[in-house]
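Take a look at the structure below.
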Amino acid sequence: MRVLVTGGAGYIGSHASLRLLQDGHDVISIDNVSRGHAQAEAVLAKIGGDRYSPYRCDLHETERLAEILTSHDIDVLMHFAAFAEVGESVDHPLRYHHNNIAGTVSVLRAIDQAGTSRVVFSSSRSTYGEPAEDQIPINEDTPQSPINPYGASKLQCERMLRDLAEAYRRADRPFSYAALRYFNVAGCDRQTRLGEDHRPESHLIPICLHTALGKREKMAIFGTDYPTPDGTCIRDYVHVEDLADAHVRVMGVLEPGDERRYNVGIGKGFSVRECIESSKRVTGVDFQVDEAERRPGDPPELYADVSKIKRELGWEASITDIDETVESAWKWFKSHPDGWPEG
Ligand code: UDP
């Protein structure tokens with residue numbers, strides 16, 4: 001198939017592009033590299049050859065997007081491009097509304113013009129906000145009640161897709177979409193071709209690895225008095241290669257009229273302390289870890305009920321051992337201690 005990937009130079013978009021290319025699909029990638037990395041595109045270009053077409057294009061360039069969709073006769077659009085830092089979204093909500101919501105409006109308008117009929121959208125666990133204790137593990141029917149602008153922006157995009165699907169149904173225009181609600185995405189391509197490089201970095205596993213590398217003197221656990229077995233927050237860490245696999249699977253089953261929504265996680269959680277212990281084991285470095293105050297807005301325990309995606313798509317995470325996830329990231333971090341080179 002011919003797949004247009006928005007945010008193809010980013011962490012998840014690049015890993016999904018790699019998987020698509022490996023499976024023999026054509027990948028047309030758009031990115032403005034505001035957060036993504038041209039070097040990731042360069043790696044993909046080597047692997048994909050003439051089946052890989054990267055464009056420097058912003059989400060807000062509706063006409064250009066429509067032209068790209070039309071000229072490549074795109075079968076499926078995978079929409080990854082978004083800002084994805086919760087803390088930043090609280091400090092700069094308009095940045096998130098502009099990039100994630102208005103950007104998606106632009107993408108959908110381009111789809112509307114070009115007649116693209118299948119979309120796979122990167123949604124998030126953040127759309128659920130802080131579910132009550134009795135709603136853990138989180139399933140797809142858990143009420144969506146985001147508690148920050150990032151989660152709200154992803155939920156709004158899901159709603160726009162739902163509205164568009166409804167309008168097209170009434171107009172007899174074929175259309176289908178899937179919203180994949182990612183839990184905590186972690187790890188890197190196990191062959192170290194692609195990696196994870198956010199600037200600034202706020203995610204737990206990369207911070208552990210930066211500390212192991214000596215790029216940071218020490219790190220902190222945000223809160224040790226949560227009502228969990230070891231007092232630290234529990235999250236569901238899904239490997240980025242498994243996540244890419246979920247995209248490929250759902251793309252393959254979308255039929256006109258489908259509206260699919262799936263949680264993508266491993267279905268169990270690891271505590272912050274367990275992730276730190278894993279990072280120390282994998283790296284062999286006993287780095288310094290302080291105990292700090294809770295970070296505002298961190299619910300104690302979040303992990304996915306993944307029975308729906310397993311039942312309907314036959315997908316389940318192949319990597320469920322946290323050491324394996326950390327190991328894959330460590331290989332890339334060690335070989336790219338300064339992240340992706342510029343340019
Ligand atoms: N965390 C931490 N120290 C750090 C970074 C993260 O203790 O330096 C904790 C954070 O409070 C949360 C968990 O690790 O409980 C996962 O955080 P991350 O930002 O990776 O993902 P989130 O679940 O917030 O999306």
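The values are calculated or read from the model by the stated rules, or taken from the named source; none is laboratory data. Just so we're clear, the structure is a prediction, and the values are computed from it rather than from any experiment. We place every Cβ from the backbone using ideal geometry, glycine too, and count neighbours over all the protein chains shown. For accessibility, only protein heavy atoms count, side chains too; no ligands or nucleic acids. Shrake-Rupley method; radii C 1.70, N 1.55, O 1.52, S 1.80 Å.
Within the stretch 175-304, DSSP assigns beta bridges of which about 10% are antiparallel (rounded to the nearest 5). For the stretch 131-260, the Cβ-based charge dipole about the Cα centre amounts to some 480 debye (Lys, Arg positive; Asp, Glu negative; other atoms uncharged). Spatial offset of the stretch 243-291 relative to the stretch 301-343 amounts to 5 Å, using the alpha carbon center of each.
Amide H to amide H distances under 5 Å link Arg261 with Ala179, where only residues 5 or more positions off or on other chains count and H is placed in the peptide plane.
Compared with the alpha-carbon gap, the fully stretched path from Ala132 to Gln22 is longer by 35.5 nm at 0.36 nm per residue. Using the empirical formula 2.2 N^0.38 Å as the baseline, the Cα radius of gyration of the stretch 154-276 reaches a ratio of 1.38. Size of the stretch 249-343 from its Cα atoms: along the principal axes, largest to smallest, the extents are 52, 38, 26 Å. Charge dipole (Cα centre; +1 on Lys/Arg Cβ, -1 on Asp/Glu Cβ; no other charges) of the stretch 1-160 amounts to roughly 340 debye. Here Arg295 and Asp321 are evaluated by their C-beta separation; at R0 = 30 Å the FRET efficiency comes out at 0.70.
Around the Cα centre of the stretch 63-143, unit charges on the Cβ atoms of Lys, Arg, Asp and Glu (plus for the first two, minus for the last two) sum to a dipole of about 320 debye. Antiparallel versus total DSSP beta bridges in the chain: what percent is that, nearest 5? That works out to approximately 5 percent antiparallel.
For the chain, the per residue solvent-accessible surface stands at 42 Å², with DNA, RNA and ligands left out and a 1.4 Å probe. When the charge dipole of the chain is built from unit charges on Cβ atoms (+1 for Lys and Arg, -1 for Asp and Glu) and taken about the Cα centre, the candidate among Asn263, Ala292, Tyr303 whose Cα reaches farthest toward its positive end is Asn263.
Provide the FRET efficiency to the nearest 0.05 for the Asp91-Asp172 pair, computing r from the beta carbons and using R0 = 30 Å. Working from the Cβ atoms, E equals 0.10.
Here the stretch 1-77 yields Rg over Rh of 0.93, to two decimals, using C-alpha coordinates and the Kirkwood radius.
Highest-first packing order for the peptide set 121-131, 6-16, 65-75 is 6-16, 121-131, 65-75, based on the mean count of other beta carbon atoms within 10 Å. The HN-Hα couplings worked out from phi for the stretch 184-191 by the Karplus form 6.51 cos²θ - 1.76 cosθ + 1.60 (θ = phi - 60°) are 8, 7, 8, x, 9, 3, 5, 9 Hz, whole numbers, x standing for Gly and Pro. The fraction of Cα-Cα pairs per 10 angstrom bin, counted from 0 for the chain, comes to 6, 26, 36, 24, 7, 1, 0 percent, rounded to whole percents. Remark: the stretch 44-56, residue by residue, has Karplus-estimated 3J(HN,Hα) of 5, 5, 5, 6, x, x, 7, 8, 10, 10, x, 10, 8 Hz, where x stands for each Gly or Pro and the curve is 6.51 cos²θ - 1.76 cosθ + 1.60 at θ = phi - 60°.
May I ask which residue of Gly87, Leu69, His203 lies farthest towards the positive end of the charge dipole of the stretch 64-218, with charges of +1 (Lys, Arg) and -1 (Asp, Glu) on Cβ and the Cα centre as origin? Positive-end residue among those listed: Leu69. For the residue pairs Lys154/Lys310; Lys154/Lys215; Lys154/Lys331; Lys154/Lys334; Lys46/Lys310, the alpha carbons lie more than 27 Å apart in Lys154/Lys215; Lys154/Lys331; Lys154/Lys334; Lys46/Lys310. Semi-axis lengths, largest first, of the ellipsoid equivalent to the stretch 44-136 are 29, 16, 15 Å, with √(5λ) applied to each eigenvalue of the Cα gyration tensor. For Val119, the amide hydrogen comes within under 5 Å of the amide hydrogens of Leu77, Ser176, Tyr177, Ala178, counting only partners 5 or more places away or on other chains and with H modelled in the peptide plane. If the chain linking Ala220 and Arg109 were pulled fully straight, counting 0.36 nm for each residue of separation and taking away their Cα-Cα distance, it would gain 35.6 nm.
The lysines whose alpha-carbon is closer than 16 Å to the alpha-carbon of Lys308, local same-chain residues fewer than 8 away aside, are Lys268.
As a ratio to 2.2 N^0.38 Å, the alpha-carbon radius of gyration computed for the stretch 109-207 takes the value 1.33. Sorting the Cα pairs of the stretch 200-249 by distance into bins of 5 Å, from 0 upward, gives 5, 16, 17, 17, 19, 14, 8, 4, 0 percent per bin. Farthest toward the positive end of the dipole of the chain, out of Cys188, Phe333, Phe175, is the Cα of Phe175, where the dipole comes from beta carbon charges about the Cα centre.
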